[in-house]
Ligand code: BDP
């Protein structure tokens, strides 16, 4: 039991179970419907299922209806993909041991494009990947087709994911060379059977680097012609190609600003090339420069003035938080601030800032926290979910993205519980109203066992795990106090000579004898002014700012009194300690349930929890001992004492290769 089956643990039906039940499909049958039929033929133990395509049911989009009809079940869909998703829904219900009698439900996805972003490089490494090397064997493609490509696509289809970006946003121009496009086509041919469209990250300098054009200026007719021809070439071999993801003028990547053009000039050039084929441009808003301006404000400052300037097949892809996938961030204020521009959210499933594949951190609560955040952009109730799913803003197509945590490890994600984050993203992309609790329960039942004695405590552990990580890493709104090289362990003292200030922990925590935190109120960087009323006021005032964002928005005196009466310093200590205690409790929960789990997965998770427990203490000691040099107050005597010396912690150097 190596975890490779993920949540897809269907037992093939026996001949006896299959006798008398049929999977009926109207002819002619497309390739995707054929996959749906085969899945049910092989695994469905219930009554006869009738798969019906109904061209009058346009409102279903890629969704489906499941209905109990006297003695059989009917799945009705408007598109082939709908039948596939309906088939997986049935198999999930069977696996969870649910009663199907009288079932009558309609499922319509909340987003049109539900896409994973792989940060995979052409040399087989994965940026911020912690599950081994890339799944894509570029050297062997297009000749050798690993069976894992289909297994990967099937897993995605089972949770409704319908698109993938194959390569890193820090993109090599080589991906657009003809030999690589042949490899991309080979993958697209496999994925298509499971309803998955392929997208590529592109390097903005491609015309110059691989096209022999003099420059890559988006207003240069030769450059525009190069992109048009390249897009034509792609669609010739991949007729359902999705489009481009672009990281431009961000962290050293080339972009239109290199030629004094705007993000809109760059995005629109690509959009014009893709438009005849219905292709999309996902243009990232992750931009910031080492200027005096607060990094958290920069995406808004660059993009809001461009509102309305983008073509309708451009979507601005915005990270959930204004800095960078931290354990907790307030939402990026750019959401809703562009009224005439389609926006999508980007989450990170890979745990770059959440303990890699060592820590058990269930991310559905983080995803939900952002999607459910009320921006007040069009009055109360303007949640990010509603701003991006087409409810409050019209969009040609809506989309939601997340950076994948998948690699060639046999269990795909490194940590068995990290599979739940892949699963949760897919399920929320389909239906953002699902609760973290529901999703966890589905996943545990399908991945381990439906026994309540197991499901309940494991679910509680998962639901608490994100807050636990926030507690032992960065409570009360602290952020980006990671070690410079790897974003794994703590380095609040980090200060590299000559390094970019906005890559240094002290830029974010500002610890001094007066207090701790980043003043983003009106007396500071005034980032609060980028939020719609009343949030600007609520966040901007120390007294009304939610305590979990306190040090994000304010520089707070050590003695400041928290709502529970403790001083800020004492509360900080208690939070770190709580995080440690939570992880210890997870270890107990897991050990107690040993009899419910196969020995391999039991041991794997157990040893990862040990690492997490040690790391939690490392984080707590490092941050408290370091901040104590400023607060000059004792660590409350009721909590666990540090077991490290600050000077020893400062010497820890992890050998992990990653640029910041
Ligand atoms: C940061 C990562 C970096 C990525 C960048 C991005 O540290 O590796 O390239 O985001 O999203 O989180 O472009």
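Out of everything in the stretch 399-420 that is touching a residue at least 60 places away in the same chain (Cβ under 8 Å) and under 21 Å from residue 89 (Cβ atoms), what residue ends up being surrounded by the most Cβ atoms within 10 Å (Cβ to Cβ)?
Residue satisfying both the conditions and the ranking: 400.
Within the stretch 82-102, is there a residue that is in a loop (DSSP other than H, G, I, E, B), at pLDDT 95 or above and more than 21 Å from residue 43 (Cβ to Cβ)?
There is no residue in the stretch 82-102 that is in a loop (DSSP other than H, G, I, E, B), at pLDDT 95 or above and more than 21 Å from residue 43 (Cβ to Cβ).
I need the helices (runs of 4 or more DSSP H) fully contained in the stretch 263-378, keeping only those with at least 3 residues that are away from the ligand (no atom under 16 Å from the Cβ) and surrounded by fewer than 24 Cβ atoms within 10 Å (Cβ to Cβ).
Output list reads 263-274, 364-371.
Scan the stretch 619-629 and give yes if some residue there is within 19 Å of residue 471 (Cα to Cα) and free of Cβ contacts under 8 Å to residues at least 24 places away in the same chain, otherwise no.
yes
Could you identify the single residue in 550, 572 that is part of a helix (DSSP H, G or I), outside the structural domain of residue 625 (by TED's automatic domain parsing), modelled with pLDDT of 95 or more and closer than 14 Å to residue 475 by Cα?
Unique residue meeting the criteria: 550.
In this structure, does residue 143 turn out to be free of Cβ contacts under 8 Å to residues at least 12 places away in the same chain, farther than 24 Å from residue 400 by Cβ and within 12 Å of the ligand (Cβ to nearest atom)?
No.
Could you list, in sequence order, all residues of the stretch 214-257 that are in a loop (DSSP other than H, G, I, E, B) and away from the ligand (no atom under 16 Å from the Cβ)?
214, 215, 216, 217, 218, 219, 220, 238, 239, 240, 241, 242, listed by residue number.
Based on what the data block shows, is residue 179 free of Cβ contacts under 8 Å to residues at least 24 places away in the same chain and either assigned to a helix (DSSP H, G or I) or under 30 Å from the mean Cα position of the chain (by Cα) (or both)?
Spelling it out, residue 179 is indeed free of Cβ contacts under 8 Å to residues at least 24 places away in the same chain and either assigned to a helix (DSSP H, G or I) or under 30 Å from the mean Cα position of the chain (by Cα) (or both).
Specify which of the listed residues (533, 527) is closer than 30 Å to residue 293 by Cβ, in contact with a helix residue (DSSP H, G or I) (Cβ under 6 Å, 6 or more places away or on another chain) and modelled with pLDDT of 95 or more.
Of the residues listed, the single one that is closer than 30 Å to residue 293 by Cβ, in contact with a helix residue (DSSP H, G or I) (Cβ under 6 Å, 6 or more places away or on another chain) and modelled with pLDDT of 95 or more is 527.
The values are calculated or read from the model by the stated rules, or taken from the named source; none is laboratory data. Being a predicted model, the structure only gives us computed values, none of them experimental. Virtual Cβ from ideal backbone geometry, glycine too; neighbours counted across all protein chains shown.
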